[in-house]
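Visitor: Handing you a structure now.
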Amino acid sequence: MRSKVKFRLLFLSLALICFWLGVSFTPDTLNTAADKWLLGGISAVYFILLPIGYWYCIIKIGQQKLWKLIMIFSLSSLVARLSYPAELSHYFEFVMWLRYPIIAVLLLIELYLVISVIRGLLKARTLKGDPRVGAVETYNEGAEKTLTVALILASEATNWYYSIPWFSRQHPATIAHINLLSARRWHVWLMVLGCIGASTMSYMLLQSWSEIIAIIVASFISYTLMAIVANHRISRHYSLYFLRNKLVINNGLWGFMVIDSCDISQVNQQQASVVHKDDDAVLSIGRGQSHVSLVLNKPVIYHGGMGQLPEPMSEIHLSVDKPEDVIAAIEASRIEASHTVVAA
């Protein structure tokens with residue numbers, strides 16, 4: 001596991017533990033000095049320890065923007081408003097007032113979602129390949145911010161394209177399948193049941209606070225069913241293929257790479273025991289003992305987080321079902337690409 005992922009999981013665990021302990025031990029009143037000291041310690045954890053942890057694990061190690069610190073401060077303020085004693089919780093009332101602009105924003109997002117669904121359906125009808133690949137080919141060189149926006153806009157068409165088999169009927173043939181957990185049938189059914197349960201639970205929890213927000217949040221969660229189906233079909237049928245002489249690697253819907261054949265300097269087969277997974281410039285995808293290893297001439301961006309967490313990679317290790325077929329296909333593509341360059 002790469003260090004960036006380790007630190008993300010580390011902070012997530014830290015935040016969950018701190019909030020759980022803080023809510024459990026927050027005193028109901030401040031009648032004694034011990035209660036005041038206890039609340040002071042909990043406040044220090046919420047507004048000092050967690051922001052420092054977020055800055056180090058997410059912003060520094062994960063190379064994210066500094067303005068994202070507002071997210072952990074907002075979350076801590078919300079927990080304080082809901083759990084602090086009455087004599088102090090009103091100081092965080094501003095968090096509750098935010099529900100009105102939040103409702104307005106959610107309504108706008110809901111309207112945008114409806115428009116995106118219609119546009120995504122229309123685009124998916126005529127697509128002959130993953131829309132994200134076209135975005136990378138268009139904006140890959142020196143336009144990271146534009147590419148980030150383009151991947152967001154392409155995500156809706158991508159979900160429709162892969163979730164409905166008829167839309168992806170002209171998809172390029174795969175050269176092999178990456179051994180992904182999300183390709184299993186039991187995994188997709190578990191995700192579907194979890195989505196339905198989360199949607200129902202969110203409605204029940206939010207209904208007493210705001211009927212509108214309860215409906216909107218439940219609708220958002222339910223809408224992820226399409227992404228769950230798309231993620232499963234990508235993992236099971238379209239995890240590794242060539243498109244326009246470029247190798248496309250799909251780690252489900254979560255992340256993908258588009259590698260030009262000319263950028264692959266070495267390709268070979270090796271066992272999992274010799275694969276180094278703790279290097280931030282080395283990416284390992286799939287579960288299994290046999291890996292196809294790709295060494296690149298230059299770093300190529302892995303678009304994680306559904307395209308929103310770009311990371312440069314110099315070496316790729318893929319656990320596939322047919323490593324010999326992958327190596328042969330890559331070698332053939334490299335030869336074809338070199339002949340094209342010479343002819344040009």
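Visitor: Considering Ile52, Ile42, which residue is open to solvent by less than 40 Å² (accessible area, probe 1.4 Å), in a helix (DSSP H, G or I) and not aromatic (Phe, Trp, Tyr)?
Guide: Of Ile52, Ile42, the one residue that is open to solvent by less than 40 Å² (accessible area, probe 1.4 Å), in a helix (DSSP H, G or I) and not aromatic (Phe, Trp, Tyr) is Ile42.
Visitor: Any residue in segment 23-50 that's farther than 16 Å from Arg81 by Cα: show its pairings with residues that are among the hydroxyl-bearing types (Ser, Thr, Tyr) at Cβ separation under 9 Å, as long as the two are six or more apart or on different chains.
Guide: Asp35/Thr29; Leu38/Thr26; Leu50/Ser76
Visitor: While we're on this one: Which condition number in (1) in contact with a helix residue (DSSP H, G or I) (Cβ under 8 Å, 6 or more places away or on another chain); (2) crowded, with 18+ Cβ neighbours inside 10 Å; (3) assigned to a strand (DSSP E or B) is the one that Val188 fails?
Guide: So the condition that Val188 fails would be (3).
Visitor: Scan segment 1-18 residue by residue and report those that are in a helix (DSSP H, G or I), open to solvent by 30 Å² or more (accessible area, probe 1.4 Å) and either among the hydrophobic types (A, V, I, L, M, F, W, C) or farther than 17 Å from Ile61 by Cα (or both).
Guide: Scanning segment 1-18 gives Val5, Phe7, Leu9, Leu10, Leu12, Leu14, Leu16, Ile17.
Visitor: A further question follows. Could you list all residues from segment 160-171 that are under 22 Å from Lys246 (Cβ atoms) and surrounded by 15 or more Cβ atoms within 10 Å (Cβ to Cβ)?
Guide: Passing the criteria: Tyr161, Tyr162, Phe167, Ser168, His171.
Visitor: Hey, can you tell me all the residues within segment 193-202 that are more than 15 Å from Ala227 (Cα to Cα) and open to solvent by 70 Å² or more (accessible area, probe 1.4 Å)?
Guide: Residues satisfying the conditions are Thr200, Met201.
Visitor: While we're here: From the list Leu151, Leu205, exactly one residue is at pLDDT below 85, assigned to a helix (DSSP H, G or I) and over 22 Å from the mean Cα position of the chain (by Cα). Which is it?
Guide: Leu205
Visitor: Please give the number of the condition Phe94 fails out of (1) at pLDDT 75 or above; (2) surrounded by fewer than 16 Cβ atoms within 10 Å (Cβ to Cβ).
Guide: (1)
Visitor: If I go through segment 55-82 residue by residue, how many of them are under 26 Å from Leu30 (Cα atoms) and crowded, with 16+ Cβ neighbours inside 10 Å?
Guide: 7
Visitor: I would also like to ask the following. Looking at segment 57-75, which of its residues are over 11 Å from Lys4 (Cα atoms) and part of a helix (DSSP H, G or I)?
Guide: Leu66, Trp67, Lys68, Leu69, Ile70, Met71, Ile72, Phe73, Ser74, Leu75
The values are calculated or read from the model by the stated rules, or taken from the named source; none is laboratory data. This structure is a prediction, so every number in the text was calculated from the model and none was measured. Every residue, glycine among them, receives a Cβ derived from its backbone with ideal geometry; neighbour counts consider all protein chains shown. Just the protein is used for accessible areas: all its heavy atoms, side chains included, with ligands, DNA and RNA removed. Shrake-Rupley method; radii C 1.70, N 1.55, O 1.52, S 1.80 Å.
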